[in-house]
Structures are given as structure tokens and as C-alpha cells.
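Encoded as C-alpha cells, the structure appears first; notes follow it.
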Amino acid sequence: MTADLPARMPLPFDDEEAVALAAALRTAATSVSGIEETAVRALAKLEQLLPARQRDQISALQHSTVSPRFDGTPQVDLAALATLAAACHDHEIITFAYESRDGTPSTRRVEPHTLITTHGRWYLAAYDLDRDAWRTFRVDRLTAPDSTGRRVPPRRLPAPDASAYLTASLAALPTRYSARATVPSDAETVRARTGVLPSRVRALDGHTCIVDLSADDPLHIAVRFLTLENLGRGATTLYGTTELVPHLEEFAHCLADAARALAQPHDEREADR
């Protein structure tokens, strides 16, 4: 039946929908490995089916947008992502090899529920059959996902939705360093302007909140504290273990040295080289 359709039959997209599709295809390659050529082909086919006005809008988007690739952003394999998506849709048990945060390898057999993407990373929410518990898996750490052909009834997530489950899972991850900051700002403002996980921000009153900070790298805590310090206009208080003290002192010395170097006259800086 599709062979009888006109070669240029317009698609029922309004201008915003057409541009959104083009933007999604263009930016997908920054987080999915091997999708670059596929995305270009899909975008070319999309343009052929759109009215001239929308093609011009997409062309303007392409020529005005650059999507740099950052080394720190992990990429996932397109074929693996497709396998996981199909398994989530069909409620089909799958197996895959997985590497934990500390590099420990394992083999997993799970009932996949949902794929979630946030901050450039892909996660799989799934029920781990061998551990009899819900888990979240970083998709860039799993390899060789394989369908078993066995379909099962979908399980209900232990959270209102997949995003809430992922947020709770990430907040519960053990970390090497931890601290707590009292910020003279309301909780909603802190959540909206700092990127802190919502569950780690607790309101004390209408203009003060407590933020739990944790990370394996003390630099992350230092950067987050500076962000809160700026938001709290210099009145943020930090509490934590003494393990963080030498790291924060080192960062402070580095900043002080950089400030002194910038304060030197230009000729003196050139002479120091």
C-alpha cells in the first residue's frame, strides 16, 4: 500500500514539531555511538517529505548549530540501545555483560522496564532476576545485550515513574566523600539553579535549606559548594568529615595562586615564563 503513496506526500508536522525532530536527530550523535550516518540519512529523508518552509527552517538550524563532542561524555552503542528499547517495549527478559563502578565484571539477567537519558548518560531501569531486586544500569557499561525470547508481564516500578526511580537510585549510591551545606536560599531555587538531585535538598524554612553533597571526587564537592556559596551570597556553611579538609585547602591554594598570577602586571607575567 505504501508504494502507491506520493513520493512527496507532506507529513502532518507543524513548524515546531519539524524543527524539534531535526534538532533531536542532529544532537543524538553526541550520546549514541555509530548513529551519525544513520541520523544524517534520516534527516535527509525527513527534509524530502516536508514543505519548503519547514525545509528552510531545518536548513537554517543545521547551518547555525554546532554539536561538539566531549571526551567526558560516555557514548552508548546504537545496536545495544536498539536491543534494550525493543526488550523494554516487548517486556522480554535479556542478558548482558556489565561492569560496575569499581570495574567488577558480571553477567546480568533482567526484566527491562525503561530507558532513561539524563545529563548525557543513558540508564536502564530493570528488575535483576538473579539478585531479586530493582536496579539501574549505566548503558555505556553494559555489552552484548541478548534477547532470550521469553516475555513476561511488566512489573510495577517502586516509584511513581522512571525518572523518580532513577533520581532515588542515584541519590542512594555510596560515595567516598560526603558533606552537608546550609544555604540561605529556599529549596526550590536551589533545585532549579544548581542541578542538585531534588532528594538531596531539604527545606528548613521558607528561606533556608540543607543540601547533601557527596562524590567520589572531592573536586566535585568543592565546585558544588562554590555554586551554593554564590547562590547563598557568601553565607553558605559547610559541614562534613575532616577527610575533605586537605583537598579543599589544595583547591583554595590553586585558586589563590591563579588570582595572584592574574593580578601581576602583564610584563611581569611574561617575564615569569
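The values are calculated or read from the model by the stated rules, or taken from the named source; none is laboratory data. Fair warning: this is a prediction, and the values are worked out from it, not measured in the lab. Counting neighbours? That spans all protein chains shown, and the Cβs are built from the backbone with ideal geometry, glycine included. In case anyone asks, the SASA skips ligands and DNA or RNA and just uses the protein heavy atoms, side chains included. Shrake-Rupley method; radii C 1.70, N 1.55, O 1.52, S 1.80 Å.
Key figures for this structure:
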read-out	value
Length added when fully stretched, Arg121-His89, from 0.36 nm per residue minus Cα-Cα	9.5 nm
Efficiency of FRET from Cβ geometry, Ala52 and Arg156, R₀ 41 Å, rounded to 0.05	0.30
Cβ-derived FRET efficiency at R0 35 Å, Ser199 paired with Ala23, nearest 0.05	0.70
For peptides 248-260, 156-168, sequence by mean Cβ density within 10 Å, most packed first	156-168, 248-260
Accessible surface ranking that places the most exposed of Asp216, Asp15 first, with a 1.4 angstrom probe	Asp216, Asp15
For peptides 85-94, 47-56, sequence by mean Cβ density within 10 Å, most packed first	85-94, 47-56
Extension gain, Arg135 back to Glu99 (0.36 nm per residue minus Cα-Cα distance, nm)	11.6 nm
Label point distance in nm, Ser147-Thr208, each placed 7 Å from Cα along Cα→Cβ	5.8
